[in-house]
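First comes the structure, then the notes that go with it.
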Amino acid sequence: MLHKFLSLFGLLVVLAVYSQAQDFLDALFVSDAPVAPTSPPVYTCSGECVPYYLCDGNQIVTDGTGIIDIRVGEDTTVENECPNYMEKCCEKEEVLPEAPPAATAPRRPTGKYTCGARNPEGLGFRITGNRNGESEYGEFPWMLAILREDNAYECGGSLITPNVVLTAAHCIMNKPKKKFLVRAGEWDTQTKNELHPHQNRRVREVITHNQFHQGSLANDVGLLILEQPFDLAENIQPVCLPPKNFNFDGSSCFASGWGRNIFGKGGKYQVILKKVQLSFVPHYQCQSAMRTTRLGERFRLHQSFICAGGEKGADTCRGDGGSPLVCQIPGASTNYYQAGIVAWGIGCGEQGIPGVYANVAMFRDWIDQQLTQRNVESKHYTFT
(Lines give C-alpha, C1' and ligand atoms only; values in the text may rest on other atoms or scores of the structure.)
Protein backbone atom coordinates (compact mmCIF):
# COMPACT_ATOMS: atom_id res chain seq x y z
CA MET A 1 0.00 0.00 0.00
CA LEU A 2 2.80 2.39 0.92
CA HIS A 3 4.60 1.91 -2.38
CA LYS A 4 1.36 2.69 -4.28
CA PHE A 5 0.97 5.89 -2.29
CA LEU A 6 4.58 6.88 -2.98
CA SER A 7 4.14 6.15 -6.69
CA LEU A 8 1.05 8.35 -6.86
CA PHE A 9 2.75 11.08 -4.85
CA GLY A 10 5.74 10.97 -7.21
CA LEU A 11 3.42 11.26 -10.20
CA LEU A 12 1.72 14.28 -8.70
CA VAL A 13 5.10 15.88 -8.08
CA VAL A 14 5.84 15.43 -11.78
CA LEU A 15 2.50 17.09 -12.59
CA ALA A 16 3.40 20.02 -10.36
CA VAL A 17 6.78 20.39 -12.00
CA TYR A 18 5.12 20.24 -15.42
CA SER A 19 2.68 22.94 -14.39
CA GLN A 20 5.40 25.19 -13.02
CA ALA A 21 8.13 24.60 -15.55
CA GLN A 22 8.95 27.52 -17.85
CA ASP A 23 11.25 27.89 -20.79
CA PHE A 24 13.69 30.80 -20.30
CA LEU A 25 14.27 31.23 -24.00
CA ASP A 26 10.81 30.76 -25.44
CA ALA A 27 8.57 33.51 -24.08
CA LEU A 28 10.22 36.90 -23.90
CA PHE A 29 7.79 39.80 -23.93
CA VAL A 30 8.79 43.07 -25.57
CA SER A 31 10.70 45.14 -23.05
CA ASP A 32 9.93 48.79 -22.34
CA ALA A 33 13.67 49.52 -22.40
CA PRO A 34 15.16 51.17 -25.52
CA VAL A 35 16.37 48.72 -28.14
CA ALA A 36 19.40 49.33 -30.34
CA PRO A 37 18.32 49.92 -33.96
CA THR A 38 18.98 47.26 -36.55
CA SER A 39 18.97 47.35 -40.33
CA PRO A 40 15.25 47.24 -41.25
CA PRO A 41 13.92 45.19 -44.17
CA VAL A 42 12.55 47.04 -47.18
CA TYR A 43 8.79 47.60 -47.42
CA THR A 44 6.73 49.06 -50.25
CA CYS A 45 4.89 51.93 -48.54
CA SER A 46 5.23 55.14 -50.59
CA GLY A 47 3.87 57.28 -47.77
CA GLU A 48 4.43 56.88 -44.04
CA CYS A 49 3.78 53.78 -41.92
CA VAL A 50 1.85 54.86 -38.83
CA PRO A 51 -0.40 53.15 -36.26
CA TYR A 52 -3.69 52.49 -38.01
CA TYR A 53 -5.63 54.98 -35.86
CA LEU A 54 -3.35 57.89 -36.85
CA CYS A 55 -4.26 57.79 -40.52
CA ASP A 56 -7.15 60.03 -41.56
CA GLY A 57 -7.61 58.15 -44.84
CA ASN A 58 -7.73 54.50 -45.85
CA GLN A 59 -11.18 54.16 -44.25
CA ILE A 60 -9.67 53.55 -40.83
CA VAL A 61 -12.01 54.35 -37.95
CA THR A 62 -11.85 53.87 -34.18
CA ASP A 63 -15.42 52.94 -33.21
CA GLY A 64 -14.93 49.18 -33.48
CA THR A 65 -15.59 48.83 -37.19
CA GLY A 66 -11.96 48.91 -38.27
CA ILE A 67 -10.65 45.56 -39.45
CA ILE A 68 -7.05 44.42 -39.12
CA ASP A 69 -5.73 41.21 -40.62
CA ILE A 70 -3.27 39.77 -38.12
CA ARG A 71 -1.68 37.62 -40.84
CA VAL A 72 -0.33 40.70 -42.62
CA GLY A 73 3.39 41.04 -41.93
CA GLU A 74 3.71 37.38 -40.93
CA ASP A 75 3.35 35.72 -44.34
CA THR A 76 6.70 35.94 -46.07
CA THR A 77 5.08 35.13 -49.42
CA VAL A 78 3.11 38.40 -49.36
CA GLU A 79 4.69 41.74 -50.24
CA ASN A 80 3.91 44.06 -47.33
CA GLU A 81 3.67 47.82 -47.28
CA CYS A 82 4.52 48.26 -43.59
CA PRO A 83 6.64 46.31 -41.08
CA ASN A 84 3.80 45.71 -38.62
CA TYR A 85 0.27 44.46 -39.28
CA MET A 86 -1.07 47.22 -36.98
CA GLU A 87 0.44 49.95 -39.15
CA LYS A 88 -1.09 51.53 -42.24
CA CYS A 89 0.59 53.12 -45.22
CA CYS A 90 -0.68 56.66 -45.02
CA GLU A 91 -0.22 59.72 -47.24
CA LYS A 92 1.83 62.22 -45.26
CA GLU A 93 -0.85 64.92 -45.42
CA GLU A 94 -3.33 62.50 -43.86
CA VAL A 95 -1.21 61.54 -40.83
CA LEU A 96 -2.91 62.79 -37.68
CA PRO A 97 -0.64 64.52 -35.14
CA GLU A 98 -2.11 62.49 -32.28
CA ALA A 99 -4.70 59.83 -31.60
CA PRO A 100 -8.32 61.02 -31.83
CA PRO A 101 -9.87 61.54 -28.37
CA ALA A 102 -12.42 58.79 -29.07
CA ALA A 103 -9.61 56.30 -29.54
CA THR A 104 -8.03 56.82 -26.13
CA ALA A 105 -10.85 57.95 -23.84
CA PRO A 106 -11.28 55.44 -21.00
CA ARG A 107 -14.62 53.75 -20.52
CA ARG A 108 -16.98 55.67 -18.24
CA PRO A 109 -19.36 53.13 -16.70
CA THR A 110 -22.90 54.38 -16.31
CA GLY A 111 -24.97 53.53 -13.27
CA LYS A 112 -23.49 50.95 -10.89
CA TYR A 113 -19.88 49.88 -11.18
CA THR A 114 -19.63 46.56 -12.99
CA CYS A 115 -16.75 44.10 -13.20
CA GLY A 116 -16.10 41.25 -15.61
CA ALA A 117 -17.17 43.10 -18.76
CA ARG A 118 -15.85 41.17 -21.77
CA ASN A 119 -15.35 42.98 -25.11
CA PRO A 120 -16.24 40.26 -27.66
CA GLU A 121 -15.88 42.67 -30.59
CA GLY A 122 -12.56 44.06 -29.38
CA LEU A 123 -11.58 47.68 -28.72
CA GLY A 124 -11.09 50.10 -31.60
CA PHE A 125 -10.80 47.41 -34.25
CA ARG A 126 -11.71 43.84 -35.09
CA ILE A 127 -9.32 41.25 -36.43
CA THR A 128 -9.48 38.80 -39.29
CA GLY A 129 -7.05 35.98 -39.91
CA ASN A 130 -7.50 34.72 -36.34
CA ARG A 131 -7.52 31.07 -37.29
CA ASN A 132 -5.56 29.87 -34.27
CA GLY A 133 -7.81 31.08 -31.47
CA GLU A 134 -6.46 34.61 -31.13
CA SER A 135 -8.56 36.83 -28.88
CA GLU A 136 -9.82 40.23 -29.96
CA TYR A 137 -7.80 43.20 -28.76
CA GLY A 138 -9.03 44.06 -25.24
CA GLU A 139 -11.51 41.18 -25.20
CA PHE A 140 -10.42 40.08 -21.70
CA PRO A 141 -9.36 43.32 -19.96
CA TRP A 142 -8.64 41.54 -16.68
CA MET A 143 -5.93 39.32 -18.24
CA LEU A 144 -2.46 39.88 -16.77
CA ALA A 145 1.02 38.64 -17.59
CA ILE A 146 3.28 37.87 -14.63
CA LEU A 147 6.83 38.41 -15.85
CA ARG A 148 10.29 37.89 -14.44
CA GLU A 149 12.73 40.75 -14.14
CA ASP A 150 14.28 39.81 -17.49
CA ASN A 151 10.85 40.29 -19.13
CA ALA A 152 10.37 36.54 -19.57
CA TYR A 153 6.87 35.15 -19.10
CA GLU A 154 6.29 33.37 -15.79
CA CYS A 155 2.52 32.82 -15.50
CA GLY A 156 -0.87 34.32 -16.14
CA GLY A 157 -3.07 36.15 -13.67
CA SER A 158 -6.21 38.23 -13.40
CA LEU A 159 -6.95 41.70 -12.09
CA ILE A 160 -9.52 41.68 -9.27
CA THR A 161 -8.90 45.18 -7.90
CA PRO A 162 -6.65 47.93 -9.29
CA ASN A 163 -3.83 46.76 -7.01
CA VAL A 164 -4.48 43.02 -6.53
CA VAL A 165 -3.69 40.07 -8.79
CA LEU A 166 -5.30 36.63 -8.49
CA THR A 167 -3.10 33.77 -9.68
CA ALA A 168 -2.02 30.21 -8.88
CA ALA A 169 0.01 29.54 -5.75
CA HIS A 170 2.36 27.26 -7.73
CA CYS A 171 3.40 30.29 -9.81
CA ILE A 172 4.52 32.45 -6.89
CA MET A 173 5.26 30.09 -3.98
CA ASN A 174 8.67 30.62 -2.36
CA LYS A 175 9.64 33.32 -4.85
CA PRO A 176 10.70 36.81 -3.75
CA LYS A 177 8.37 39.68 -4.58
CA LYS A 178 11.18 41.55 -6.34
CA LYS A 179 11.28 38.73 -8.89
CA PHE A 180 7.96 39.72 -10.43
CA LEU A 181 6.73 42.39 -12.81
CA VAL A 182 3.00 42.40 -13.56
CA ARG A 183 1.74 43.68 -16.92
CA ALA A 184 -1.84 44.72 -17.68
CA GLY A 185 -3.36 45.73 -21.00
CA GLU A 186 -1.11 43.42 -23.03
CA TRP A 187 -2.32 41.64 -26.19
CA ASP A 188 0.41 41.20 -28.81
CA THR A 189 3.60 40.58 -26.84
CA GLN A 190 5.87 41.57 -29.69
CA THR A 191 4.55 45.05 -30.49
CA LYS A 192 3.78 48.33 -28.75
CA ASN A 193 1.48 49.55 -31.52
CA GLU A 194 -1.81 48.72 -29.80
CA LEU A 195 -4.39 51.46 -29.41
CA HIS A 196 -3.93 51.66 -25.63
CA PRO A 197 -0.56 51.22 -23.89
CA HIS A 198 0.11 48.38 -21.50
CA GLN A 199 1.10 49.15 -17.90
CA ASN A 200 3.70 47.50 -15.64
CA ARG A 201 3.66 47.32 -11.85
CA ARG A 202 6.00 45.94 -9.19
CA VAL A 203 4.86 43.60 -6.42
CA ARG A 204 4.72 44.66 -2.78
CA GLU A 205 3.50 41.41 -1.19
CA VAL A 206 3.13 37.75 -2.18
CA ILE A 207 0.33 35.72 -0.51
CA THR A 208 -0.30 32.00 -0.96
CA HIS A 209 -2.94 29.80 0.63
CA ASN A 210 -1.66 28.28 3.86
CA GLN A 211 -2.96 24.83 2.84
CA PHE A 212 -1.44 24.82 -0.64
CA HIS A 213 0.15 21.43 -1.35
CA GLN A 214 3.08 21.54 -3.75
CA GLY A 215 2.76 17.88 -4.66
CA SER A 216 -0.92 17.64 -5.58
CA LEU A 217 -1.43 21.40 -6.17
CA ALA A 218 -4.46 21.30 -3.86
CA ASN A 219 -5.61 24.80 -2.78
CA ASP A 220 -3.66 26.35 -5.66
CA VAL A 221 -4.55 30.00 -5.09
CA GLY A 222 -2.42 33.08 -4.47
CA LEU A 223 -2.54 36.87 -4.48
CA LEU A 224 -0.06 39.55 -5.46
CA ILE A 225 -0.44 42.97 -3.83
CA LEU A 226 1.04 45.63 -6.08
CA GLU A 227 3.18 48.58 -5.06
CA GLN A 228 0.92 50.90 -7.06
CA PRO A 229 -2.54 50.29 -8.54
CA PHE A 230 -3.10 50.02 -12.26
CA ASP A 231 -4.83 52.96 -13.91
CA LEU A 232 -8.11 51.49 -15.11
CA ALA A 233 -8.77 51.99 -18.82
CA GLU A 234 -10.79 50.32 -21.56
CA ASN A 235 -8.19 47.56 -21.84
CA ILE A 236 -7.57 47.25 -18.08
CA GLN A 237 -10.59 46.29 -15.95
CA PRO A 238 -11.18 43.85 -13.06
CA VAL A 239 -12.96 40.52 -13.37
CA CYS A 240 -15.86 39.50 -11.11
CA LEU A 241 -15.43 36.79 -8.51
CA PRO A 242 -18.32 34.38 -7.87
CA PRO A 243 -20.17 34.10 -4.56
CA LYS A 244 -18.99 31.39 -2.18
CA ASN A 245 -19.65 27.85 -3.49
CA PHE A 246 -21.28 29.09 -6.72
CA ASN A 247 -22.12 26.12 -9.00
CA PHE A 248 -20.97 26.43 -12.62
CA ASP A 249 -22.33 23.07 -13.84
CA GLY A 250 -23.67 23.48 -17.38
CA SER A 251 -21.78 26.73 -17.98
CA SER A 252 -19.90 27.64 -21.15
CA CYS A 253 -16.62 29.30 -20.31
CA PHE A 254 -13.49 30.88 -21.76
CA ALA A 255 -9.86 30.43 -20.82
CA SER A 256 -7.19 32.83 -22.05
CA GLY A 257 -3.40 32.94 -21.97
CA TRP A 258 -0.07 33.08 -23.77
CA GLY A 259 0.87 29.48 -22.96
CA ARG A 260 2.10 26.82 -25.36
CA ASN A 261 -0.12 25.67 -28.20
CA ILE A 262 0.67 21.96 -27.77
CA PHE A 263 2.27 19.81 -25.11
CA GLY A 264 5.91 18.78 -25.47
CA LYS A 265 9.03 20.20 -27.08
CA GLY A 266 7.16 21.24 -30.22
CA GLY A 267 4.89 23.60 -28.29
CA LYS A 268 5.47 27.33 -28.67
CA TYR A 269 4.42 30.18 -26.44
CA GLN A 270 1.88 32.44 -28.12
CA VAL A 271 2.59 35.97 -29.36
CA ILE A 272 -1.03 37.16 -29.37
CA LEU A 273 -3.30 36.40 -26.41
CA LYS A 274 -5.25 33.24 -27.19
CA LYS A 275 -8.68 32.14 -26.04
CA VAL A 276 -10.48 28.82 -25.97
CA GLN A 277 -14.15 28.17 -25.28
CA LEU A 278 -14.68 25.29 -22.86
CA SER A 279 -17.60 23.46 -21.32
CA PHE A 280 -17.70 23.10 -17.54
CA VAL A 281 -17.29 19.49 -16.39
CA PRO A 282 -18.89 18.29 -13.11
CA HIS A 283 -16.50 17.10 -10.39
CA TYR A 284 -17.51 13.42 -10.43
CA GLN A 285 -17.30 13.27 -14.23
CA CYS A 286 -13.85 14.86 -14.21
CA GLN A 287 -12.60 12.44 -11.57
CA SER A 288 -13.87 9.50 -13.64
CA ALA A 289 -12.07 10.83 -16.72
CA MET A 290 -8.83 11.28 -14.79
CA ARG A 291 -8.99 7.68 -13.57
CA THR A 292 -8.71 6.51 -17.18
CA THR A 293 -5.27 8.18 -17.43
CA ARG A 294 -1.96 7.23 -15.88
CA LEU A 295 -3.31 8.57 -12.55
CA GLY A 296 -5.12 5.26 -12.16
CA GLU A 297 -8.49 4.08 -10.88
CA ARG A 298 -7.82 5.09 -7.27
CA PHE A 299 -7.21 8.76 -8.09
CA ARG A 300 -9.28 11.24 -6.08
CA LEU A 301 -9.79 14.75 -7.40
CA HIS A 302 -9.36 17.19 -4.52
CA GLN A 303 -12.40 19.28 -3.64
CA SER A 304 -10.45 22.48 -4.35
CA PHE A 305 -10.44 21.68 -8.10
CA ILE A 306 -12.97 22.19 -10.87
CA CYS A 307 -12.66 21.03 -14.47
CA ALA A 308 -13.46 22.26 -17.96
CA GLY A 309 -12.84 21.06 -21.49
CA GLY A 310 -12.20 17.55 -22.71
CA GLU A 311 -12.54 18.22 -26.43
CA LYS A 312 -9.57 17.36 -28.63
CA GLY A 313 -7.36 20.39 -29.28
CA ALA A 314 -9.32 22.69 -26.96
CA ASP A 315 -7.49 23.21 -23.69
CA THR A 316 -5.10 25.33 -21.70
CA CYS A 317 -1.51 24.12 -21.75
CA ARG A 318 1.97 24.50 -20.32
CA GLY A 319 2.67 28.13 -19.47
CA ASP A 320 -1.00 28.98 -18.88
CA GLY A 321 -0.69 28.37 -15.13
CA GLY A 322 -2.38 31.10 -13.09
CA SER A 323 -4.52 32.26 -16.01
CA PRO A 324 -8.28 32.72 -15.53
CA LEU A 325 -11.17 30.52 -16.57
CA VAL A 326 -14.25 32.77 -16.82
CA CYS A 327 -17.92 31.85 -17.24
CA GLN A 328 -20.84 34.08 -18.14
CA ILE A 329 -22.83 35.41 -15.19
CA PRO A 330 -26.42 34.09 -15.36
CA GLY A 331 -28.68 36.85 -16.64
CA ALA A 332 -25.77 39.11 -17.70
CA SER A 333 -25.02 39.13 -21.42
CA THR A 334 -21.49 40.54 -21.30
CA ASN A 335 -20.25 40.01 -17.73
CA TYR A 336 -18.22 37.08 -16.43
CA TYR A 337 -17.29 35.42 -13.15
CA GLN A 338 -13.82 33.95 -12.79
CA ALA A 339 -14.64 30.32 -12.09
CA GLY A 340 -11.13 28.90 -12.05
CA ILE A 341 -7.37 29.38 -12.09
CA VAL A 342 -5.34 27.19 -14.47
CA ALA A 343 -3.61 24.55 -12.33
CA TRP A 344 -2.69 21.31 -14.14
CA GLY A 345 -3.67 18.69 -16.69
CA ILE A 346 -2.73 15.41 -18.33
CA GLY A 347 -1.20 16.54 -21.60
CA CYS A 348 -3.07 19.28 -23.46
CA GLY A 349 -6.25 18.99 -25.48
CA GLU A 350 -6.66 15.22 -25.11
CA GLN A 351 -10.09 13.92 -26.10
CA GLY A 352 -12.17 13.18 -23.01
CA ILE A 353 -9.58 14.55 -20.56
CA PRO A 354 -10.54 17.96 -19.07
CA GLY A 355 -8.15 20.59 -17.76
CA VAL A 356 -8.02 21.14 -14.00
CA TYR A 357 -8.48 24.53 -12.34
CA ALA A 358 -8.45 25.90 -8.80
CA ASN A 359 -12.03 26.52 -7.67
CA VAL A 360 -12.32 30.29 -7.13
CA ALA A 361 -15.80 30.11 -5.57
CA MET A 362 -14.43 27.83 -2.87
CA PHE A 363 -11.80 30.43 -1.99
CA ARG A 364 -14.05 33.51 -2.02
CA ASP A 365 -14.04 33.78 1.79
CA TRP A 366 -10.26 33.38 1.90
CA ILE A 367 -9.76 36.08 -0.73
CA ASP A 368 -12.14 38.47 1.05
CA GLN A 369 -10.41 37.83 4.36
CA GLN A 370 -6.92 38.45 2.99
CA LEU A 371 -7.95 41.70 1.33
CA THR A 372 -10.02 42.96 4.26
CA GLN A 373 -6.92 42.62 6.44
CA ARG A 374 -5.16 44.89 3.95
CA ASN A 375 -8.01 47.42 3.69
CA VAL A 376 -8.89 46.45 0.11
CA GLU A 377 -12.60 46.66 -0.72
CA SER A 378 -14.42 43.77 -2.38
CA LYS A 379 -16.63 46.11 -4.47
CA HIS A 380 -14.17 45.97 -7.36
CA TYR A 381 -14.79 42.25 -7.97
CA THR A 382 -18.39 41.92 -6.73
CA PHE A 383 -21.06 41.90 -9.44
CA THR A 384 -24.11 44.03 -8.67
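The values are calculated or read from the model by the stated rules, or taken from the named source; none is laboratory data. This is a predicted model, so every value here is computed, not measured. Don't worry about glycine lacking a Cβ; one is built from the backbone with ideal geometry, like all the others, and counts go over all protein chains shown. Calculation scope for accessible area: heavy atoms of the full protein, side chains included, ligands and nucleic acids excluded. Shrake-Rupley method; radii C 1.70, N 1.55, O 1.52, S 1.80 Å.
Computed quantities for the displayed model
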{"item": "Accessible surface ranking that places the most exposed of K275, K177 first, with a 1.4 angstrom probe", "result": "K177, K275"}
{"item": "Segment E149-Q228, extension gain: residue separation times 0.36 nm, minus the distance between their alpha carbons", "result": "26.7 nm"}
{"item": "Length added when fully stretched, S252-T384, from 0.36 nm per residue minus Cα-Cα", "result": "45.4 nm"}
{"item": "Packing rank of 205-211, 158-164, 327-333, where each peptide gets the mean count of other beta carbons within 10 Å, highest leading", "result": "158-164, 205-211, 327-333"}
{"item": "Cβ-defined net charge surrounding K175, 12 Å radius [Lys, Arg +1; Asp, Glu -1]", "result": "+2"}
{"item": "3J(HN,Hα) from dihedral phi, the range 153-167, Karplus parametrisation 6.51/-1.76/1.60, rounded to Hz, x for glycine, proline", "result": "6, 9, 7, x, x, 9, 8, 10, 9, x, 10, 9, 10, 9, 8"}
{"item": "Solvent-accessible surface (1.4 angstrom probe) belonging to V342, in square angstrom, nearest 10", "result": "10 Å²"}
{"item": "Calculated FRET efficiency for the pair T292/Q211, C-beta based, R₀ 35 Å, to 0.05", "result": "0.80"}
{"item": "Net charge of neighbours whose Cβ lies under 12 Å from the Cβ of R204, counting Lys and Arg as +1 and Asp and Glu as -1", "result": "+3"}
{"item": "Stretch gain in nm, segment Q351-D368, where the contour uses 0.36 nm per residue and the Cα spacing is subtracted", "result": "2.5 nm"}
{"item": "Exposure rank, largest accessible area first [D365, D320; 1.4 Å]", "result": "D365, D320"}
{"item": "Separation in nanometres of the label points that stand 7 Å from Cα toward Cβ, at K177 and Q277", "result": "4.1 nm"}
{"item": "Mean-position separation - Cα centroids, the range 347-384 and the range 155-170, in angstrom", "result": "9 Å"}
{"item": "Neighbourhood charge, 13 Å Cβ-Cβ cut-off, centred on L159 and excluding it, Lys, Arg +1 and Asp, Glu -1", "result": "0"}
